[in-house]
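Let me begin by presenting the structure, written as C-alpha cells, before commenting on it.
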Amino acid sequence: MADAEKHHHTKHEKHHHHHKKEEGAQKDTPKKETKKETKPAPQLDEEDAEEAKFNKENEAKRKAKQKQADKLTSEDKEKLVLNSTEPPQPAATRTEALVPGTKAKMWKQDPEETNFGVSIVFIPELVRHGPADKEVKIVPPEGHAKVEPDENGDLCFVDPNKDVVEFEMVHCYCVARIVLNMFERFFRQFDDDYILMWHWFTPSYIRICPRSGDGSLPVYSRKDKCIYCYEYEADGKKYSCVGFDLLAHEIGRAYLDGMKPDWADNKDTEVQAIINAFADLTTIFGLLTQLDVCELLLCDTKGNLHKDNFVCLIGERFGKKNKGDSCLRNASNDLTYSENCKDVDHLSQVLVGCIYDIIADFFVVYMDPSRYDAAESLVRVAGWVRQMFFFAVWTCSDDAPTFKEISRRMLFYTLEKKWDRSWVSVVKGELKERNMFWKEMETATKDI
C-alpha cells in the first residue's frame, strides 16, 4: 500500500490543468436555466396512441411503487444495498435464448475533440420508431420525421455526414439509454421490479428534443418533461448535442429530480452543488461503463488518469468557444471544501474532483496487468466507486443533503462492504485532502 499512498499524496503534481473559476462560467445551473426561452413541449399525437394506452395502464402501478419507495427510511435503503447479491445472479426466469436488442450508431465523444469517431453500440432494448422506448422518446425537429428502425430492427443506416439531423436523433437516444441503463442496474441489484421514476407519473418517458432553436448547452425542463438540445454553429454548420458529456449531464439531472424530487427546490448552496456534481458524475460514470472508452482513455493517458483527458474535461468544445479554456469544468482538480463557500460551481467541482480522484487512485491500487486487462480493471473500479457514490446519494436526506452526509455515507459503505484496507485508505485520504473528513469519522477509521 505504500506505493499507492505515495501516489495519492503526490498526484496533484501531475495535474496539467487546474480549473480557473470565472464568474458566470457555470452555464447550466438552475439559475441559468430559468433564463432560457424554451419551446412548448410537443403534445401526444395520433401516432402516440399506443404510448398513451401504456401510460394509462401503468400509472397506478407506478404510483403504488412510489408509495412503497416513500416508506423506505435511510436505514431500509442501507440494508437493501449492503445485502444485495454480488455478482448478480443469472436470469433464471428468462425463457428467451437471447436478450432482444438494437444496433445503433452514436458519437461516444465529440468528434472534433477526439479521434473516437462513430461507434456502433448494442442497445438491449427493442427500439420503436422515434427512436423511442417506454422511458425515452426523441422528438423530431420541425420538418423531420421520426427515425424508423430497418427491417432488422436496427439504427445503423443513418449517416452522420448525409443524415445529420437523423443521426443526432439516434445519437441522443443512445446516450440516454446508456445512462438510464446504468442507473437502473444499480437498483435492480436489490429490486427486480424496479421502475424508473421521473419527477412525473405520466408519461412514463422523458422527451429529448434535438435542434430546439438557437442556444448552446442542453437544458432539462421539469415543467415540460423534456430535455432541450439547442443548436450551435461550428465551421459553418449547425449542430445539436454532439458528443456524450453535456446530454448525459442533463439526463443525470433529470433522473436525480425523480429520485430526490425536493432537492431542486432547495436553493441551499450545498444542495445545488450536489445536484450539479451528480450530473457531472453521471457523464463520467456513463463513459466509464464502456470498455472501448476505457481502452482509449488508457491509451491517451498511459494509465495516469490524473492527466487531462476527454473523460475529466467536460464540455471541451464549449469551454474553448465561450471561456477560452480547455473545457467548461475539469474533474481533475485540487479544489477543497469550505462550509463558508457560497459558490455552487466551486463546491460541485470539489465533490466531482474527489470522486474522480478516488477512481484514479483505486485504479492504481487494483490494476495488475499480469492478471487483468487494464481497460476491464478500469470498468470494474469505476463501477465500484459508482456503487459507493450512488449509495451515498440514495440513502442520504430527501430534502437537505450536505457534503458531510455524503462523505460519511461513502466511508460507511466502504467499511460495511469490508473492502481491503488499502481501498478504505484511499477514500479516507481523498476526503481528508478535500477537507471533507470530519472528526466523528475518525473513530471508525482510526486504525487505517
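Miscellaneous remarks
- Phe187, sole failed condition from (1) in contact with a strand residue (DSSP E or B) (Cβ under 9 Å, 6 or more places away or on another chain); (2) more than 21 Å from Arg317 (Cα to Cα); (3) not acidic (Asp, Glu): (1)
Yes/no matrix, rows are residues, columns are (1) in contact with a Lys or Arg (Cβ under 6 Å, 6 or more places away or on another chain); (2) among the polar types (S, T, N, Q); (3) surrounded by 11 or more Cβ atoms within 10 Å (Cβ to Cβ); (4) at pLDDT 75 or above:
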| residue | (1), (2), (3), (4) |
| --- | --- |
| Ser74 | no, yes, yes, yes |
| Pro87 | no, no, no, no |
| Thr93 | no, yes, no, no |
| Leu98 | no, no, no, no |
| Gly101 | no, no, yes, yes |
| Lys105 | no, no, yes, yes |
| Asn115 | no, yes, no, no |
| Ile123 | yes, no, yes, yes |
| Leu126 | no, no, yes, yes |
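- In segment 328-346, the residues that are touching a Phe, Trp or Tyr at 6+ places or on another chain (Cβ under 7 Å) and either more than 20 Å from Glu316 (Cβ to Cβ) or hydroxyl-bearing (Ser, Thr, Tyr) (or both): Ser332, Tyr337
- Leu155 being within 28 Å of Arg380 (Cβ to Cβ), of a type outside the set (Gly, Ala, Ser) and buried (at least 17 other Cβ atoms within 10 Å of the Cβ): no
- Scan of segment 204-224 for residues that are within 21 Å of the chain's Cα centre (by Cα) and either farther than 22 Å from Arg62 by Cβ or at pLDDT below 85 (or both), ordered by number: Cys209, Pro210, Ser216, Leu217, Pro218, Val219
- Taken over segment 225-243, the criterion of being in a loop (DSSP other than H, G, I, E, B) and either over 22 Å from Thr283 (Cβ atoms) or at pLDDT below 90 (or both) is satisfied by Tyr230, Asp235, Gly236, Cys241, Val242, Gly243.
- Sole exception among (1) more than 24 Å from Arg409 (Cβ to Cβ); (2) surrounded by fewer than 18 Cβ atoms within 10 Å (Cβ to Cβ) for Gly383, by number: (1)
- Whichever residue in segment 180-203 is within 11 Å of Glu135 (Cβ to Cβ) and either assigned to a helix (DSSP H, G or I) or β-branched (Val, Ile, Thr) (or both) and, among such residues, is farthest from the chain's Cα centre (by Cα): Ile195
The values are calculated or read from the model by the stated rules, or taken from the named source; none is laboratory data. Bear in mind the structure is a predicted one, so any value in this text is a computation, not a measurement. We place every Cβ from the backbone using ideal geometry, glycine too, and count neighbours over all the protein chains shown.
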